[in-house]
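The values are calculated or read from the model by the stated rules, or taken from the named source; none is laboratory data. Since we're looking at a predicted model, the values are computed, not measured. Every residue, glycine as well, gets a Cβ built from its backbone with ideal geometry; the counts of neighbours run over all protein chains shown. Each accessible area value is taken on the protein alone, full model and side chains, heavy atoms only, with ligands, DNA and RNA left out. Shrake-Rupley method; radii C 1.70, N 1.55, O 1.52, S 1.80 Å.
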Amino acid sequence: MSSCRTAILSRIRQALNKRGTPTDIDEAFANLTQQVPSPVQPPLSAGTVEAFSRAAADNGAEMHRIETLEELPGWVATRAAELGQTPSVVVAPQFADTGLQWTAIETLDQVRQATDWGLAWGCAGIAETGTVVSVSRDCPSSSLFLVQRLIVVLDRADIVAYQEEVWDRLRQRFSGRIPRTVNLITGPSRTADVEQQIQIGAHGPKWTDYVIVD
Amino acid sequence: MSSVQPYVPNKDFIYRAADALADSHLQQALAKAGRGFVDKRSAAVTRVPNFEAMRDRARAVRQKALQDLDIYLLHFEKKVTEAGGQVHWAETPAQMREIVLQLCARHSATRVTKGKSMVGEEVYLNEALEKAGITPFETDLGEYILQLAKEPPSHIVAPALHKTRAQIQDLFLHHHALGERDLSAVEAIVDEARQVIRDRFLRADIGITGANLLIAETGTVAIATNEGNGDLTATLPRAHIVTTTIDRVVPTWEDASAILRVLARSATGQQTTTYTSFFTGARGDTDKDGPEAFHVVLLDNRRSQLLGSEYQEMLHCIRCGACMNHCPVYQAVGGHTYDSVYPGPMGAVLTPLLRHRDGDYQLPNASTFCGRCESVCPVKIPLPDLMRKLRNREQQEARFKGAGYWITKVFCALAASPRLYRALTSIGTKLAAALGARRGRFSKLPLLGGWTAHRDFPAPQGGSFQSQWRRNGKAQPPVGACPAGD
Ligand code: SF4
């Protein structure tokens, strides 16, 4: 419906008292967004990592720390035993090159049933809200949502104070086209659609573990 | 068993309000919702010392976005196309429905999952899909409940706010053939919805979602949710269609942050929603998943006419719902009384501007002008002022002037002539004082039946305010004198 496009755009231009369309839209956009005002951000309650842990816990994530990545398979097995479960764990493709051995647990490439667990490696953590970030070039977005318990591993150095720092990282890492999906996840899924009562575990994971690797 | 009669609203706000006040289920649900939203928002905004500065920044972002809306929309379109997606433009709801149906046909879709989209509601998308033989499955729990109940949403953030737990339980027992079971706990209801809807996610051909923001910089659609249904709707099917409007666009990711910081705090009192997801184009070669096709349908539906008008600020709205949560009228009568997808104060402004239906001007009149909506609006939209302007416009457009118009006209003439005003009010006050002298109050008065039906009207004591003022002088204000205000 290209006539709709023309009509809508010309009405907008008329309302804004503009004459015509710039020939180079990238240049016009760049000119308009050249000046970046300093952001208004909430102050952090502590240092970045501590503030991240507090905010994530406030939002329902369970916080854990391990020393090195090599401890991860053992940690997952212990966690399952602690909770009295024997889950199959969907391991994100990012772990393929790490050489980690998953002998004590059953691992999967994709989600098979609703009781599976998921293990992803977040590309950043945001202290401001206790949020983890994952992108679809690293990990299939659907496996972050279809599992019952989601474990997100984070490198301590990837925890930043504010959202804006993540946007900068994304621009640097994906200078061409950014991934199809960028997921910001803060705790387990929830709903308040029945009498405004918060119920954890709507369509996404019922539980989330964040594991910081020191 | 629950009734699944289609919802047919009365034409008059006043009758709908009376029905709402007499509806015990609704009153029970509204009482349960009560101060929940209000208290949560208040706690969230006091937790940050600079919430006012965040509001100012969010407002500045909305202003900036509208100032060069044409450039941002064109840049957004260019970036979506570069990322393998397609942008479609619709002037009217009918055109949006047609575009979505064509896309469904192109992708041979018979099963569609839907995330919450107020724009989808605005254009009656579900009805159009059903007519075309396509089954739309709502996946947001609130929207799903309403799909079973065959009712429209009554709140833009919590669509099923008007439903009690018992009503939801009945709907589930009636519609899900799962045998005898106990659904008395909220957890049981949510678990059942999770189970029933999961299979629909996995089998859908197309997923349709709304958008909270469109980011011009990269052609990205941002969605903020708590349930995770929006993500499964956007990610699992072959194609993802976004139904949204031209005013959702912001320039950059930093601008998106400024809006997101005030959105969840104002809506649900969260620092952030559980999921904030950013979708750019179709699945690329190196993406691990995502749809093969991505379409954004941009609806105008008279929004471009608001640009540059005295109602432009209404386009700042970020759909947080705070204005309705704090509105004494909404709290008393609920969202259906507004008979529009957009209820409460924001709906009272938007509905007459976007829909132009007979009776829509009743909505800006159904306000006490207490001003709470404006005081909590994260982007500081002067809602009472906009409603006042609409009341004026109603009078200007009216072909037949009603009693209200003439009463106001007479009052204006009187108020413009202080001497006449004083003389008449003084006579009126004396007359009323004499008539009510015996009991000191009236239990019935002509034209004030609405007042006297519930309480007595006090008889004036000792002359009009102005005559008392003259008598007592400024040094001694009469007892009970009010501070200045309008
Ligand atoms: S008018 Fe303001 S308070 Fe109401 S929904 Fe829009 S942004 Fe929120």
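Are there any pairs with C-beta distances below 6 angstrom linking a residue in the stretch A:148-164 that is in contact (Cβ under 8 Å) with a residue 24 or more places away in the chain and under 30 Å from residue A:114 (Cα atoms) to a residue that is surrounded by fewer than 18 Cβ atoms within 10 Å (Cβ to Cβ) and of a type in the set (Ser, Thr, Tyr), with the two at least 6 apart or on different chains, and if so which?
Filtered contacts from the stretch A:148-164: A:148/A:115.
Given the criterion closer than 28 Å to residue B:57 by Cα, open to solvent by 30 Å² or more (accessible area, probe 1.4 Å) and modelled with pLDDT of 95 or more, identify the matching residue among A:22, A:39.
Only one candidate qualifies: A:39.
Which is within 9 Å of the ligand (Cβ to nearest atom) and not assigned by TED's automatic domain parsing to the domain that holds residue B:119, of B:335, B:321?
B:321
Kindly establish whether residue B:399 is out of contact with any strand residue (DSSP E or B) (no Cβ under 6 Å at 6 or more places or on another chain), away from the ligand (no atom under 16 Å from the Cβ) and not in a helix (DSSP H, G or I).
Judged against the criteria, residue B:399 is a match.
Here is a check on your reading of the model: is residue B:408 more than 14 Å from every other protein chain (Cβ to nearest Cβ), away from the ligand (no atom under 15 Å from the Cβ) and not in a helix (DSSP H, G or I)?
So residue B:408 fails the test.
Scan the stretch B:203-231 for residues that are over 19 Å from residue B:277 (Cβ atoms) and modelled with pLDDT under 95 and jot them down.
B:203
Do we have residue B:295 as buried (at least 23 other Cβ atoms within 10 Å of the Cβ) and closer than 30 Å to residue B:202 by Cβ here?
yes
Condition first: out of contact with any helix residue (DSSP H, G or I) (no Cβ under 6 Å at 6 or more places or on another chain) and either closer than 30 Å to residue B:64 by Cα or not in a helix (DSSP H, G or I) (or both). Can you find one or more residues in the stretch B:187-202 that meet it?
no
Considering only the stretch A:73-106, state which residues are hydroxyl-bearing (Ser, Thr, Tyr) and closer than 18 Å to residue A:211 by Cα.
A:78, A:98
Sort out which residues of the stretch A:78-117 are small (Gly, Ala, Ser), in contact with a strand residue (DSSP E or B) (Cβ under 7 Å, 6 or more places away or on another chain) and farther than 12 Å from residue A:149 by Cα, and write them in order of number.
A:92 - this is the single residue of the stretch A:78-117 that is small (Gly, Ala, Ser), in contact with a strand residue (DSSP E or B) (Cβ under 7 Å, 6 or more places away or on another chain) and farther than 12 Å from residue A:149 by Cα.
Just the residues that are open to solvent by 10 Å² or more (accessible area, probe 1.4 Å) and either among the acidic types (Asp, Glu) or under 26 Å from residue A:199 (Cβ atoms) (or both), please, taken from the stretch B:268-292.
Scanning the stretch B:268-292 gives B:268, B:269, B:270, B:271, B:272, B:273, B:285, B:289, B:292.
Being within 30 Å of residue B:347 (Cα to Cα), without any contact (Cβ under 8 Å) to a residue 12 or more places away in the chain and not assigned by TED's automatic domain parsing to the domain that holds residue B:467 narrows it down to one of B:411, B:400, so name that one.
None of the other options fit; the residue is B:400.
When you scan the stretch A:155-182, how many residues do you find that are modelled with pLDDT of 95 or more, at the interface with chain B (Cβ under 7 Å from one of its Cβ atoms) and surrounded by fewer than 24 Cβ atoms within 10 Å (Cβ to Cβ)?
2
Quick one: is residue A:8 modelled with pLDDT under 95 and over 21 Å from the mean Cα position of the chain (by Cα)?
Considered against the rule, which asks whether it is modelled with pLDDT under 95 and over 21 Å from the mean Cα position of the chain (by Cα), residue A:8 comes out as no.
Checking the structure you have, find out if any residue of the stretch B:275-298 is facing chain A (nearest Cβ under 9 Å) and within 16 Å of the ligand (Cβ to nearest atom).
Looking through the stretch B:275-298, none of the residues is facing chain A (nearest Cβ under 9 Å) and within 16 Å of the ligand (Cβ to nearest atom).
Evaluate the following for residue B:4: is it modelled with pLDDT of 95 or more, more than 9 Å from chain A (Cβ to nearest Cβ) and either exposed (fewer than 15 other Cβ atoms within 10 Å of the Cβ) or within 23 Å of the chain's Cα centre (by Cα) (or both)?
No: the conditions fail for residue B:4.
Give me the strands (runs of 3 or more DSSP E) completely within the stretch A:102-190, filtered to those with at least 2 residues that are assigned by TED's automatic domain parsing to the domain that holds residue A:79 and over 11 Å from the mean Cα position of the chain (by Cα), ordered by residue number.
A:106-108, A:117-121, A:149-155
Provide a single number: the residues in the stretch B:340-365 that are in a loop (DSSP other than H, G, I, E, B) and more than 9 Å from the ligand (Cβ to nearest atom).
Count: 10.
Residues in the stretch B:366-385: is at least one buried (at least 24 other Cβ atoms within 10 Å of the Cβ), more than 9 Å from the ligand (Cβ to nearest atom) and away from chain A (no Cβ under 14 Å)?
no
Would you check which residues across the stretch A:1-50 are closer than 30 Å to residue A:66 by Cβ and touching a strand residue (DSSP E or B) at 6+ places or on another chain (Cβ under 8 Å) and list them?
A:48, A:49
Looking at (1) within 16 Å of the ligand (Cβ to nearest atom); (2) more than 14 Å from every other protein chain (Cβ to nearest Cβ); (3) not β-branched (Val, Ile, Thr), which is the only condition residue B:265 fails?
(2)
Does at least one position in the stretch B:398-417 carry a residue that is of a type in the set (Val, Ile, Thr) and at pLDDT 95 or above?
No: zero hits.
How do the pairs read when you match residues in the stretch B:27-39 that are more than 8 Å from every other protein chain (Cβ to nearest Cβ) and in contact (Cβ under 8 Å) with a residue 60 or more places away in the chain with residues anywhere that are outside any loop (DSSP other than H, G, I, E, B) and open to solvent by 30 Å² or more (accessible area, probe 1.4 Å), using Cβ under 7 Å and keeping only pairs 6 or more apart or on different chains?
B:30/B:331
Would you point out the residue of the stretch B:224-257, among those that are within 7 Å of another protein chain (Cβ to nearest Cβ) and over 30 Å from residue A:30 (Cα atoms), that is farthest from the chain's Cα centre (by Cα)?
Among those residues, the one meeting the criterion is B:236.
Condition (residue is among the polar types (S, T, N, Q), farther than 27 Å from residue A:12 by Cα, open to solvent by 50 Å² or more (accessible area, probe 1.4 Å) and more than 7 Å from chain A (Cβ to nearest Cβ)) applied to the stretch B:101-115: is it met by at least one residue?
yes
Being of a type in the set (Phe, Trp, Tyr), farther than 16 Å from residue B:47 by Cβ and at the interface with chain B (Cβ under 10 Å from one of its Cβ atoms), is that true of even one residue in the stretch A:27-37?
yes
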